[in-house]
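One structure is given below, encoded as structure tokens.
All of the numbers you see were taken from the coordinates with simple rules; none came from a lab. This structure is a prediction, so every number in the text was calculated from the model and none was measured. All Cβ positions, even for glycine, are placed from backbone atoms using ideal geometry, and neighbour counts span all protein chains on display.
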Amino acid sequence: MKQLLLFLALLATSLTWGHAQAKAVANVPYAVNQMVEGYIEMQKNTPTVTGWRIQLLATTDRQEMESTVYRFRILYPYIKVDWQHEQPYYKIRAGAFQTKLEAYRILYLIKQDYPGAYPAMDKSIRPEEFLY
């Protein structure tokens with residue numbers, strides 16, 4: 001019986017609390033509401049986000065870049081690797097991580113084969129690329 005009364009008291013409290021929160025949201029000024037909605041729309045229309053990748057190599061030699069990408073794909077088939085050409089360098093980057101800490105977890109493993117690898121910020125990551 002005591003448990004039933006306690007449950008009903010908690011239920012009544014949570015319903016009252018939920019109702020109070022709904023009132024607080026309803027009293028948000030129109031300008032603030034418009035600003036939040038605008039921000040949400042802007043984020044929906046942004047195709048890329050900032051995150052981290054692991055840079056394996058930066059070289060001017062295209063053959064070295066291609067062989068490094070090929071070797072990495074064999075050693076780590078579960079981690080996406082890609083390269084980009086920024087004159088005069090070919091940069092090889094692997095993975096996609098939301099935080100630098102997440103990148104360091106994989107970097108620890110990769111450093112055994114690529115001792116010069118380091119985390120690099122990337123402002124053009126598509127959200128679906130993130131490893132989970």
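Here are the numbers for this structure:
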{"read-out": "Residue that is surrounded by the most Cβ atoms within 10 Å (Cβ to Cβ) [pool: residues in segment 24-79 that are under 22 Å from GLU129 (Cα atoms) and of a type in the set (Asp, Glu)]", "value": "GLU66"}
{"read-out": "Residue check for ALA117: of a type in the set (A, V, I, L, M), crowded, with 16+ Cβ neighbours inside 10 Å and without any contact (Cβ under 8 Å) to a residue 60 or more places away in the chain", "value": "no"}
